[in-house]
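Only one structure is covered here, and it is reproduced in the block below.
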Amino acid sequence: MKITAVETIPFAIPYRKPLNFASGEVHTAEHVLVRVHTDAGLTGTAEAPPRPFTYGETQQSIVAVIRQIFEPQLLGMAPTRREAVHVKLNRTVGNPTAKAAVDMALWDIVGQAAGLPVTELLDGYGEFMAVSHMLGFAPPAEMAEEAQHVRDTYGITTFKVKVGRRPYQLDVDVCRPLREAFGDGVELYVDGNRGWTASESARALRTMDDLDLTLAEELCPADDVLGRRRLVERCPVPFVSDESATRPGEVTRELLGGSATAISIKTARTGFSHSQRVLFESEGLGVEVVMGNQIDSQIGSLCSVAFGAAFEATSRRAATRSGPHHRSHSRRRRLPRHRHPSRSRPGTRGRDRRCHLEGMRHRASRGGAARGCRRGAQHSPPRPERAAVLNVHNRGYSRAEKRRNALPDWWQ
């Protein structure tokens, strides 16, 4: 089995509610669907979510680097030779989400060929994954109302609160009402996205010492080496390195340098292969891990959950779900048992594949919902536990639906 093409499909999904945080804000999921085709008729699917304010990538740059550099290097290679693939990809610096998407698409192909979900290929620990909900910048009453709705509707009891504003008291005034409203019934942890200085972070943590926070993530920049080290030494909860630990070498630097005591793993930037390395490195050094999220759409969320459920260490804490544009029907997502893969009919290259990221069967059309979103469909993506990126209930869109840009009732 050989790689015959690497396809990139840019798409845009407007969020129902923008997410605001210290390092930026997002109103639309302008991501790239990546599909790796093979001569055996199998197609692997993954998602690349650019974050220019974190990694320097854009939708256009991801498409360009895959089409102009990665695809010519990978043609004719076997999807099982993932290490050899990464050697070629790493000749180009940066571009983490483009590389991660290619990696996860290759794992998808191997899962289809073996008739196994990727969760079982990785380690097969479990079929459930608890999830948390991100709360972006908003007035205290609005954030409390959102948290109440999420808890009552979906049973989610872990909340990742975005902080990092100035003065820091703005965020203290948000966290305190949340604790007062929910008591011990919810878990709260804060994510600063490098918005504060080390001294501001220290003052904020002291002020919130009575709120029983469970994690503190990237409160200040890692470039403030000495300040951050002093902060981490005094931090009463695990200090999570996220943007500052985007590859195994950076994980080593952050942990051994005393700049973090926990690591956030994001399959969107390290794929499955290098996420494994980050996980095993963290376990070897005795630090906790938590599954993060790039505000992905449904394919990215599938990948994150598939990896997180595969290992005991990544299943201990709730994985961050995609925030304002995703829904989850319960606090724990179950990974359904797989069905046997089915190859495409002749002449339908890339239009009728089975995606086995979680062992589910997903029939996809070549442009489907992604292209519909380019036309301005105002909607949220379907639930990750029910769908891949392009359809739900194994039902593709009819041409009439595409022309009308109409969406089924369950999509709303």
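What follows is calculated from the coordinates using simple rules that are stated; it is not laboratory data. Keep in mind that what you see is a predicted model, and the values were worked out from it rather than measured. When we count neighbours, we look across all protein chains shown, and the Cβ atoms used for this are built from the backbone with ideal geometry, even at glycine.
Here is how the numbers come out for the structure above:
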{"read-out": "Those lysines that a straight Cα-Cα span of less than 25 Å connects to Lys88, excepting residues fewer than 8 apart in one chain", "value": "Lys2, Lys99, Lys266"}
{"read-out": "Computed E for Ala141/Val225 - FRET, C-beta separation, R0 30 angstrom, nearest 0.05", "value": "0.20"}
{"read-out": "Sequence of Met104, Met208, Met77 once ranked by neighbouring C-beta atoms within 10 Å, starting from the fewest", "value": "Met77, Met208, Met104"}
{"read-out": "Cross-link reach list, lysines versus Lys17, counting only Cα pairs under 16 Å and skipping chain neighbours closer than eight places", "value": "Lys162"}
{"read-out": "Calculated FRET value between Thr58 and Asn20, using beta carbons and R₀ = 25 Å, to 0.05", "value": "0.80"}
{"read-out": "Mean projection area, nm², convex hull over Cα of the stretch 59-182", "value": "11.7"}
{"read-out": "Area projected by the alpha carbon convex hull of the stretch 121-334, averaged over all directions, nm²", "value": "10.6"}
{"read-out": "Residues Thr45, Thr8, Thr157, sorted so that the one with the fewest Cβ neighbours within 10 Å comes first", "value": "Thr157, Thr8, Thr45"}
{"read-out": "Karplus 3J(HN,Hα) series, Hz, for the stretch 134-146 with 6.51 cos²θ - 1.76 cosθ + 1.60 (x for Gly, Pro)", "value": "7, 10, x, 4, 5, x, x, 5, 5, 5, 5, 5, 5"}
{"read-out": "The stretch 77-193, relative contact order [Cα under 8 Å, separation at least 6], %", "value": "20"}
{"read-out": "Nonlocal amide H pairs with Glu30, under 5 Å, H built at 1.01 Å", "value": "Ile13"}
{"read-out": "Karplus-derived HN-Hα couplings along the stretch 313-318 (A = 6.51, B = -1.76, C = 1.60, θ = phi - 60°), whole Hz, x at Gly and Pro", "value": "5, 7, 8, 5, 10, 5"}
